[in-house]
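Single-structure report; data block below.
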Amino acid sequence: MPNTSRFPARYPNTDRPEKDVPMTSPNAYDVTTWHVGNAHDDIGAVINSIIADIKRRQVHRDLGMGGKPGAVIYIPPGDYRLSSQVLIDISYLKIVGSGHGFTSSSIRFNTPAHELKDWHEIWPGGSRVLVDLPAGDAQEEAAGAAFLVRRSGNPRLSSVEFADFCIDGLHFEDKAAGDEAENSYRNGKTGIHVASANDSFRVTGMGLVYLEHGLVAHHSDALTVDNNFIAECGNCIELRGMGQASRISNNLIGAGYDGHSIFAENFGGLLVSANNIFPRGRSSIHFQDVARSSVTGNRLHSFYPGMLIFSGTCSENLVSSNHFLRDHEPWAPMVGYDNGLDDQFGLLHLNGDGNSVIANHISETIDRRFIKPIGEKPVIIRLVSGSGNYVANNHIVATTEVEIARDAANSECFATQVGAILATANLTQLEVVAVRVEEGCTGNTILDSGTEAQVMLDQAANAFRGTPSLPGGLAGAAV
Amino acid sequence: MPNTSRFPARYPNTDRPEKDVPMTSPNAYDVTTWHVGNAHDDIGAVINSIIADIKRRQVHRDLGMGGKPGAVIYIPPGDYRLSSQVLIDISYLKIVGSGHGFTSSSIRFNTPAHELKDWHEIWPGGSRVLVDLPAGDAQEEAAGAAFLVRRSGNPRLSSVEFADFCIDGLHFEDKAAGDEAENSYRNGKTGIHVASANDSFRVTGMGLVYLEHGLVAHHSDALTVDNNFIAECGNCIELRGMGQASRISNNLIGAGYDGHSIFAENFGGLLVSANNIFPRGRSSIHFQDVARSSVTGNRLHSFYPGMLIFSGTCSENLVSSNHFLRDHEPWAPMVGYDNGLDDQFGLLHLNGDGNSVIANHISETIDRRFIKPIGEKPVIIRLVSGSGNYVANNHIVATTEVEIARDAANSECFATQVGAILATANLTQLEVVAVRVEEGCTGNTILDSGTEAQVMLDQAANAFRGTPSLPGGLAGAAV
Amino acid sequence: MPNTSRFPARYPNTDRPEKDVPMTSPNAYDVTTWHVGNAHDDIGAVINSIIADIKRRQVHRDLGMGGKPGAVIYIPPGDYRLSSQVLIDISYLKIVGSGHGFTSSSIRFNTPAHELKDWHEIWPGGSRVLVDLPAGDAQEEAAGAAFLVRRSGNPRLSSVEFADFCIDGLHFEDKAAGDEAENSYRNGKTGIHVASANDSFRVTGMGLVYLEHGLVAHHSDALTVDNNFIAECGNCIELRGMGQASRISNNLIGAGYDGHSIFAENFGGLLVSANNIFPRGRSSIHFQDVARSSVTGNRLHSFYPGMLIFSGTCSENLVSSNHFLRDHEPWAPMVGYDNGLDDQFGLLHLNGDGNSVIANHISETIDRRFIKPIGEKPVIIRLVSGSGNYVANNHIVATTEVEIARDAANSECFATQVGAILATANLTQLEVVAVRVEEGCTGNTILDSGTEAQVMLDQAANAFRGTPSLPGGLAGAAV
């Protein structure tokens, strides 16, 4: 027989005095029915009041082998202004909505007023948090966060979950950018900022838009970031501090021209898989001092060099089965921006030891006049430093692009982009350096990733087998 | 301080006169409590009435930086007949249930009445929409859709979401098929038909069954189709018109013998990953004029040639880390059907330039008497047209199958199928053409995907390195 | 016009006499408001009562083309003791919570009392089921299951779903382990035990912790196990009996030192993809007599040999794009445990025919004094038996580890682990057998997965091409 005496007759958390609406449980909250504040005026104050209520009710940490189960806070579809920062300092809190609510604010802000006046709607929607915090200081990133997660002491916060709602930064507003402020990707706002060590968090199904930072998480263990829509943010996903054994998968992601789409530092065992990472993004994926991690099965598209960057010392990582596409910005409002890198930097720019780059497809298609420096062959895979790397069976297709017609209306972003991506006819081959192993790098192995003529390396210091050359005079569309 | 004056004291959408049940928010609807219609009689009329209510309430497109957040419509578990088509012409609408409710109607309709009378249940379930529209005309596909999504003007519809419910077409009823009508995969019904340009839609957790078309989406941008169960439909997922930057991932899929499991046309940047695509399906994946897209990490199983088809001009796509299995139909009721293609067509039938086919496993196991034309070696990977393609490190295992015993009861579909798939003992090697590069195709590279004897290509026009041959006389179970 | 006469005016399941709280539908239940029992005292009795109610109400199996749609049972966040086993014998039942609630009980039980007294919380949370069943007998695994799914007759149970709640086994309590009982991974408890044939089940978003068996499913067809957190369980996911066409994807998983993280037997068409499988786990993935299945895009980390095991005859499976890491246990409380295998066993230990092992990264880093037997080169990929296997383009990085400092506090599990995984500096190369093809195995093909000196095989019986050797005297960090 089970030892029933270990359990109380009733858990203290089953009563709630402030039962002003019929609720299924005191641990299931709805921001629109909470008795303190008004969620449409300031959802931040409402959620903070709810968290205070949870803490007031859940005070026993070991009563009947439980006592602090946390709660769920529901945000129905609607517009909810946030002018008070939410501070989450309890485990097992789930905040959930019913709609990620993304729409392209970038297209909207680049559409002329005379077109815009006929639009059906202009703002994002769903269960939508409108971040109306005062502009943050760049040195105090956490201050600009709609949701700040932070607790001192032990244990680490566990199982905080964000799901299925929208966090909208509303406007970019870098004053220095003048008329281009809405294209500046700067407003000092962050969607979710996890400041202290955390375990088993989940961020799923969210829509993050027009934030300078979408999700920033420090010291993460077993974090899940899955199936989110994080786009038109200055930076999308940043894993900072250190961390391990986490997963960024199945997301649609695209940062601004000088921000990170995915960034991680001092991380081990990170799995970045099956994401569709679109432009712009200063880089698509940037690892700094990351080890024994994977980038597999992603589709990445960029308008600039430096799509995948391993900086510092990144070791024993796997990059496989990814599709990389780099072409030139086709949409007029953004043509003036890039990440400042030239084509010698490498589409894949890699530092570190013992990495594997296997079975990737890499397309670069660009009009010769956009290549920097003009006349020099772009570098596709560049081993900048390190030893023991293994680069095998990558297929690099480099072509010149027909010039993009720039007479499309700004609102025609979609048709312009699809036209560009499908423009594979009438391309001619572009000469590139398929793989460049920097002088001084030794002990690397390069196989079947370019012909002898396309690969630059010191064969006295590295192992090499070129892709068999096509019979004389022949060349496909592909390298 | 935040500029509070930009926000109204209350959003107009926070009141709803027709508050006939306690609801958390006017934007959270439940089809079973809506005051117009009866969801069990016609859920379509109920949802259309709800959409009209949303549009009536949400009229301001720029009030306090919001005004049209959309809504969620909840479908609790239950049987809901749909005799009125739902028309969705607003953004940010989420329709969500609590159960995908799939069961095999195919097994049920092929089970003799004397067995069936003892069954516990016979229909699909969950949050289940029974599509009872009049049979659609093949020329008017949209007319037969349970959910039609269409709006003119700008912007494109954004963030419409379908989640966690079941759409059941009830019966296949091609009159020409006579007694076999329930196996005809035809009834003119579509689950979800997205007719106009759309952005950031999600279809997740759905169960679609016995529909001639499961999901049809035109002009999609950043579409997510994830974790659905779409099977026993004539066609499962069709991306039509054009589109970009989308994701079909983590689904269980299987179409009818003359329909598409996954089809896409004029698409760029599509990621098809980690799906388990089972038979039947005329093809498993069919791309037409698709560029710079990925097919990675899928498991595909088919009973016919033509599992993966690239038609028109499909360029710079990546096909990697997939597991392809082709064997012969083992289940008696479906043995009479196939897709009409012969084994010279190619299991992978590819047209276009600059594609990559890397690191796939391909198993074909079939009794010689089923090969068409009899006596000719089946073709596994066939490059029909194009240049610059790269085919490397694919492992092709071709064997003859022991004959399938056909004495199992029709209801024994499961045991029959598992028995067939596990029958790897006592197989003998089948000679196949591992890779065939059509005459006239030049500039392609074929590496380590078959021995010299197994690959047909013009070595004067293409680059080739054969898999090293096994020592004389030896052959594994595998090619 | 649709034939409306086929439908009843009202479905019988739309009324429920026991309507003691406002509910949206009689098919949507909440354990905290059900009129029988008290969910905090025994959620098992409450759910069994609800299931009885569903069966009492849903008695017509073919009324208006429906009649047995099932139901959803909601578990709000809270602590719910389970002392009665739940028996599920109906299709289309979804049990759903609002929080997976995982926290590390392993760290907690290995933290000294004087530290623990300051902890904010000590138990898992979320929508949490506390399994308080009497200890099960090892021979009667099903008896110890919190949720037992079983039905005889036809059809198979369909579309039972478990989502977003926590099942906590509370304590490990192997008496033989004495003071180490909480590290024993034994308590006779199972989270979910599916005993009979099933179709289209889903287990998603769950948190399973401190159970001897997390999820056990027999005879599964088209099962989905996605996005769960299943860790600190004796065994995590076990697919037993036989099965086909299923998917284990996007999970965070880690079993005990003598249990399975993922196990499957007699299975065809299983897709194991994009999981992050961390230690410990006797193995990370173990297939027994599994055919035509895939292991792709996973990240696996283990402290012992035998990370991937194919036992019996496993044929025509694909292992690609995975990242394997094996190092030595860095966390003091677990240093005394391992799986008993030595380093000759093979990190990948493979039996069977026609398998593909392509494009994987494998890191082994270990101090020489931990290698068993000492002084012998560890074996990385070992083909123990079978023919027709294809091993290509795997990158093996083997290094010696700096010794782990063991002076960290037990509660410093996180920092200790991250430190270990990032410790890639100052490593030196470790000599290993990259691939060993057992004597007597013939007809296998080994390409570019190790130099001639690193691969042991009978070249008279197998095909081989070594990775090109590095120029004389050079060696990277990598093999």
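The values are calculated or read from the model by the stated rules, or taken from the named source; none is laboratory data. Note that the structure is predicted; figures quoted are calculated from it, not measured. Cβ: placed from backbone, ideal geometry, glycine included. Neighbour counts: every protein chain shown.
Across region C:368-379, the qualifying residues are those that are over 18 Å from C:GLU329 (Cα atoms) and modelled with pLDDT of 95 or more, and the one among them that is surrounded by the most Cβ atoms within 10 Å (Cβ to Cβ) is C:VAL379. The single condition from (1) over 30 Å from C:ASP30 (Cα atoms); (2) among the β-branched types (Val, Ile, Thr); (3) within 14 Å of chain A (Cβ to nearest Cβ) that B:VAL96 fails is (1). The residue that is surrounded by the most Cβ atoms within 10 Å (Cβ to Cβ), among those in region C:257-306 that are under 27 Å from C:LYS372 (Cα atoms) and of a type in the set (Phe, Trp, Tyr), is C:PHE287. Of the set (1) over 29 Å from C:LEU116 (Cα atoms); (2) more than 14 Å from chain B (Cβ to nearest Cβ); (3) more than 20 Å from the chain's Cα centre (by Cα), all apply to A:SER158 but (1). When region B:342-376 is filtered for residues that are closer than 23 Å to C:SER356 by Cβ and touching a Cys at 6+ places or on another chain (Cβ under 6 Å), nothing remains. Could you tell me how many of the residues in region B:77-101 are assigned to a loop (DSSP other than H, G, I, E, B) and over 11 Å from B:CYS166 (Cα atoms)? The qualifying residues number 7. If the condition is being hydrophobic (A, V, I, L, M, F, W, C) and either free of Cβ contacts under 8 Å to residues at least 12 places away in the same chain or farther than 18 Å from C:PRO124 by Cα (or both), then region A:52-93 contributes A:ALA52, A:ILE73, A:ILE75, A:LEU82, A:VAL86, A:LEU87. Taking the criterion of being away from chain A (no Cβ under 14 Å), modelled with pLDDT of 95 or more and not in a loop (DSSP other than H, G, I, E, B), the residues of region C:124-155 that qualify are C:ALA145, C:PHE147, C:LEU148, C:VAL149.
Filtering region A:56-76 to residues that are assigned to a loop (DSSP other than H, G, I, E, B), within 7 Å of another protein chain (Cβ to nearest Cβ) and aliphatic (A, V, I, L, M) leaves only A:MET65. When C:GLY419 is tested against the conditions (1) of a type outside the set (D, E, K, R); (2) assigned to a loop (DSSP other than H, G, I, E, B); (3) modelled with pLDDT under 95, the lone failure is (2). The listed residues are C:ARG151, C:ARG156, and the only one of them that is buried (at least 21 other Cβ atoms within 10 Å of the Cβ), more than 17 Å from C:HIS213 (Cα to Cα) and among the basic types (Lys, Arg) turns out to be C:ARG156. Before we move on, is A:LEU271 among the aliphatic types (A, V, I, L, M) and out of contact with any Phe, Trp or Tyr (no Cβ under 8 Å at 6 or more places or on another chain)? So A:LEU271 fits the description; yes. Within region C:74-116, if we keep just the residues that are of a type in the set (A, V, I, L, M) and surrounded by fewer than 24 Cβ atoms within 10 Å (Cβ to Cβ), the residue that is farthest from B:THR103 (Cα to Cα) turns out to be C:ALA113. Applying a threshold of 8 Å to beta carbon distances and a minimum spacing of six or more residues, or different chains, the list of pairs starting in region C:106-128 at a residue that is on the phi > 0 side of the Ramachandran plot and ending at one that is small (Gly, Ala, Ser) and modelled with pLDDT of 95 or more reads C:GLY126/A:GLY70; C:GLY126/A:SER159; C:GLY126/C:GLY97; C:GLY126/C:SER98; C:GLY126/C:GLY99; C:GLY126/C:GLY101; C:GLY126/C:GLY207.
Filtered by the rule that a residue be surrounded by 24 or more Cβ atoms within 10 Å (Cβ to Cβ) and assigned to a loop (DSSP other than H, G, I, E, B), region B:192-204 gives B:SER200, B:PHE201.
Output the strands (runs of 3 or more DSSP E) that fall wholly within region B:267-315 and possess 1 or more residues being within 28 Å of B:MET334 (Cα to Cα), among the basic types (Lys, Arg) and within 11 Å of another protein chain (Cβ to nearest Cβ), or say none.
Qualifying strands (runs of 3 or more DSSP E): B:299-302.
A:GLU329 fulfils the conditions (1) more than 30 Å from A:GLU316 (Cβ to Cβ); (2) among the charged types (D, E, K, R); (3) surrounded by fewer than 19 Cβ atoms within 10 Å (Cβ to Cβ); (4) touching a Lys or Arg at 6+ places or on another chain (Cβ under 9 Å) except for a single criterion, (3).
Picking from residues in region A:239-259 that are out of contact with any Gly (no Cβ under 7 Å at 6 or more places or on another chain) and more than 10 Å from chain C (Cβ to nearest Cβ), the one that is farthest from B:LEU270 (Cα to Cα) is A:ARG240. In region B:422-470, the qualifying residues are those that are at pLDDT 95 or above and in a helix (DSSP H, G or I), and the one that is farthest from A:ALA359 (Cα to Cα) is B:ALA453. Summed over region B:215-233, the residues that are part of a strand (DSSP E or B), within 8 Å of another protein chain (Cβ to nearest Cβ) and under 13 Å from A:ASN227 (Cβ atoms) give a count of 2.
Every listed requirement among (1) under 26 Å from A:SER387 (Cα atoms); (2) assigned to a loop (DSSP other than H, G, I, E, B); (3) under 24 Å from the mean Cα position of the chain (by Cα); (4) without any contact (Cβ under 8 Å) to a residue 40 or more places away in the chain is met by C:ILE362 save one, (2). For A:GLY340, are the conditions met, namely being surrounded by fewer than 24 Cβ atoms within 10 Å (Cβ to Cβ), out of contact with any helix residue (DSSP H, G or I) (no Cβ under 7 Å at 6 or more places or on another chain) and assigned to a loop (DSSP other than H, G, I, E, B)? Taking the combined requirement at face value, the residue satisfies it. Determine whether region C:204-213 contains at least one residue that is within 12 Å of another protein chain (Cβ to nearest Cβ), touching a residue at least 60 places away in the same chain (Cβ under 8 Å) and touching a helix residue (DSSP H, G or I) at 6+ places or on another chain (Cβ under 8 Å). The answer is yes, given that some residue of region C:204-213 is within 12 Å of another protein chain (Cβ to nearest Cβ), touching a residue at least 60 places away in the same chain (Cβ under 8 Å) and touching a helix residue (DSSP H, G or I) at 6+ places or on another chain (Cβ under 8 Å).
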